[in-house]
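J.: The following block contains the structure, expressed as structure tokens.
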Amino acid sequence: MYKINTLLVFLCSITLAFSQDNKIYWSSAPTVTSSNEKIAKGSINGIGYTYTSSKPIEFSDEIFSYSTFPTSKKIPNQKCIKNTQVSKNTIIFDKPVKDPYLLFASIGRPRTTVSINFDQEFIIEFQKGITYPIIGNVIKGEEGYLMVRIPGIHSKISFDYTVAENYANFMFGASVCPLNN
């Protein structure tokens, strides 16, 4: 299986070198698996993913303060993950994807700073209420709104949410590799 995934990543990388498709595809509404409340499944333009949290997964019916995000990103206002606890979070894609996106709504609150630690480098695509400086792969927010892109081809991405609060939303997206369609 490792060799097949490595070949897919290589072929996807070559294809993307000649492709300029930067469209963001957003996740379907995720659902918790029946056997484990710390695992949810969803899909991004037909590519499945498994989201795992170190804490039981909760949901919101919509993104908190949805209108804060730019309409140009075409983010669906739908059921998404509601995080209330310190958590370790991992997303594993069934097939490699190009440029995974992570959207966070309501990181922290006034006078309560929350850090999110990413295991990969990221590019900020949108931010509001993010406290500077950004150090390494760590971002901090006080009622922050954030959309980051993890550049490159990935089969897995991870981040840690470092403070319990009520609450932040998570949503996932990607520019899907043309070979996966």
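The values are calculated or read from the model by the stated rules, or taken from the named source; none is laboratory data. From a predicted model like this one, the values you see are computed outputs, not experimental measurements. Here Cβ is always computed from backbone atoms with ideal geometry, including for glycine, and neighbour counts include all displayed protein chains.
The rows are residues; the columns are (1) closer than 27 Å to residue 130 by Cα; (2) modelled with pLDDT of 95 or more.
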{"site": "39", "(1), (2)": "no, yes"}
{"site": "45", "(1), (2)": "no, no"}
{"site": "49", "(1), (2)": "no, yes"}
{"site": "53", "(1), (2)": "yes, yes"}
{"site": "78", "(1), (2)": "yes, yes"}
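J.: Separate question: Test of understanding: among 92, 123, which residue is under 12 Å from the mean Cα position of the chain (by Cα) and either basic (Lys, Arg) or surrounded by fewer than 17 Cβ atoms within 10 Å (Cβ to Cβ) (or both)?
T.: Matching residue, one of 92, 123: 92.
J.: Pick out the one residue from 128, 156 that is under 19 Å from residue 68 (Cβ atoms), touching a strand residue (DSSP E or B) at 6+ places or on another chain (Cβ under 9 Å) and either in a strand (DSSP E or B) or of a type in the set (Gly, Ala, Ser) (or both).
T.: Result: 128 is the single residue among 128, 156 that is under 19 Å from residue 68 (Cβ atoms), touching a strand residue (DSSP E or B) at 6+ places or on another chain (Cβ under 9 Å) and either in a strand (DSSP E or B) or of a type in the set (Gly, Ala, Ser) (or both).
J.: State yes or no: is residue 47 exposed (fewer than 15 other Cβ atoms within 10 Å of the Cβ), in contact (Cβ under 8 Å) with a residue 12 or more places away in the chain, of a type in the set (A, V, I, L, M, F, W, C) and within 16 Å of residue 173 (Cα to Cα)?
T.: Values: exposed (fewer than 15 other Cβ atoms within 10 Å of the Cβ): no; in contact (Cβ under 8 Å) with a residue 12 or more places away in the chain: yes; of a type in the set (A, V, I, L, M, F, W, C): yes; within 16 Å of residue 173 (Cα to Cα): yes.
It is false that residue 47 is exposed (fewer than 15 other Cβ atoms within 10 Å of the Cβ), in contact (Cβ under 8 Å) with a residue 12 or more places away in the chain, of a type in the set (A, V, I, L, M, F, W, C) and within 16 Å of residue 173 (Cα to Cα).
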